[in-house]
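Participant: The structure under discussion is supplied below as structure tokens; questions concerning it will follow.
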Amino acid sequence: DTAVSQTPKYLVTQMGNDKSIKCEQNLGHDTMYWYKQDSKKFLKIMFSYNNKELIINETVPNRFSPKSPDKAHLNLHINSLELGDSAVYFCASSQTGASYGYTFGSGTRLTVV
Amino acid sequence: GQQVMQIPQYQHVQEGEDFTTYCNSSTTLSNIQWYKQRPGGHPVFLIQLVKSGEVKKQKRLTFQFGEAKKNSSLHITATQTTDVGTYFCAGRVGGNKLVFGAGTILRVKS
């Protein structure tokens, strides 16, 4: 069973389109995250939800909107896609106070053409 | 903002040579984590260090946390081709925010 699963794995879309990426974790963790990894491999936090409450909201364009219907799911919706949005987006989860780290999903490679 | 600097950016080694990557923070960290990302893969948690001066080993990997809890290192002894990937440190500065270093890309020539 996949611990943190994201769909889709690949997404190719045209500029101006709206798209969503879904994430689900079956680890019972209370916190979920979205990270963006650019072509230089830099991992940048975008959002974090703890028990469905937004706790980290980094400086990202408001075209990006996260939604957490429950603590096992964190989706990312992107409006009016731009070329610069092309990257790999990783979902991750963790448990507050645990001695182990984040569990990452396998990533969604978004290409905007 | 809070930053975690990581060097070197790239390292190419001959198989069997040692490898070290270093992390430095401008502020004291409550803990530091290390992750490995294989080419085309996702980051995978390796270890967490919490105590000042802590040293932990995992087979050929040795992790250290500085006395001031502002720096850390990962050392791999006698690299193998399976060690190829990007190694990230990630420092926690209070709360639940984990700040990742830029990563060190390790290539191993056989």
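The values are calculated or read from the model by the stated rules, or taken from the named source; none is laboratory data. All figures in this text were calculated on a predicted structure; none of them were measured in a lab. So basically every Cβ, Gly included, is an ideal-geometry build from the backbone, and we count neighbours across all protein chains shown. SASA here: full protein model, heavy atoms, side chains in, ligands and nucleic acids out. Shrake-Rupley method; radii C 1.70, N 1.55, O 1.52, S 1.80 Å.
Participant: Tell me yes or no: at least one residue of segment B:32-40 is in contact with a strand residue (DSSP E or B) (Cβ under 9 Å, 6 or more places away or on another chain), open to solvent by less than 20 Å² (accessible area, probe 1.4 Å) and of a type in the set (A, V, I, L, M).
Facilitator: Yes, because at least one residue in segment B:32-40 is in contact with a strand residue (DSSP E or B) (Cβ under 9 Å, 6 or more places away or on another chain), open to solvent by less than 20 Å² (accessible area, probe 1.4 Å) and of a type in the set (A, V, I, L, M).
Participant: Here's a follow-up. Just the residues that are under 13 Å from the mean Cα position of the chain (by Cα) and at positive phi, please, taken from segment B:48-103.
Facilitator: Matches in segment B:48-103: B:Gly85, B:Gly103.
Participant: Taking interchain pairs and intrachain pairs at least six residues apart, which have beta carbon atoms under 9 angstrom, with the first residue in segment A:91-106 and more than 7 Å from chain B (Cβ to nearest Cβ) and the second crowded, with 23+ Cβ neighbours inside 10 Å and at pLDDT below 90?
Facilitator: A:Ser94/B:Leu98
Participant: Continuing with this model, one more query. Can you give me the ranges of the strands (runs of 3 or more DSSP E) entirely in segment B:43-110 with at least 2 residues that are open to solvent by 30 Å² or more (accessible area, probe 1.4 Å)?
Facilitator: Because the criterion is at least 2 residues that are open to solvent by 30 Å² or more (accessible area, probe 1.4 Å), the strands (runs of 3 or more DSSP E) in segment B:43-110 that meet it are B:43-49, B:55-58, B:71-76, B:104-109.
Participant: Can you tell me which residue in segment B:1-24 is least open to solvent (accessible area, probe 1.4 Å), limited to those that are of a type in the set (S, T, N, Q) and modelled with pLDDT of 95 or more?
Facilitator: Top of the filtered list is B:Thr21.
Participant: I'd like the full set of residues that are at pLDDT 95 or above and within 12 Å of chain A (Cβ to nearest Cβ), limited to segment B:53-100.
Facilitator: B:Lys56, B:Gly85, B:Thr86, B:Tyr87, B:Phe88, B:Cys89, B:Ala90
Participant: Name the single residue, out of those in segment A:53-62 being over 14 Å from the mean Cα position of the chain (by Cα) and part of a loop (DSSP other than H, G, I, E, B), that is nearest to the other protein chains (Cβ to nearest Cβ).
Facilitator: A:Thr59
Participant: Separate question: Give the number of residues within segment A:38-52 that are more than 9 Å from every other protein chain (Cβ to nearest Cβ) and among the charged types (D, E, K, R). Write out each step before concluding.
Facilitator: Of the residues in segment A:38-52, the ones more than 9 Å from every other protein chain (Cβ to nearest Cβ) are A:38-39, A:46-47, A:49, A:51-52.
Filter once more, so that each one left must be among the charged types (D, E, K, R): A:38, A:52.
Counting residues in segment A:38-52 that are more than 9 Å from every other protein chain (Cβ to nearest Cβ) and among the charged types (D, E, K, R) gives 2.
Participant: I'd like to know if segment A:70-87 contains one or more residues that are open to solvent by 80 Å² or more (accessible area, probe 1.4 Å) and modelled with pLDDT under 95.
Facilitator: Yes, segment A:70-87 has at least one match.
Participant: Something else about it: Based on what the data block shows, is A:Ser93 among the polar types (S, T, N, Q) and open to solvent by 10 Å² or more (accessible area, probe 1.4 Å)?
Facilitator: The answer is no for A:Ser93.
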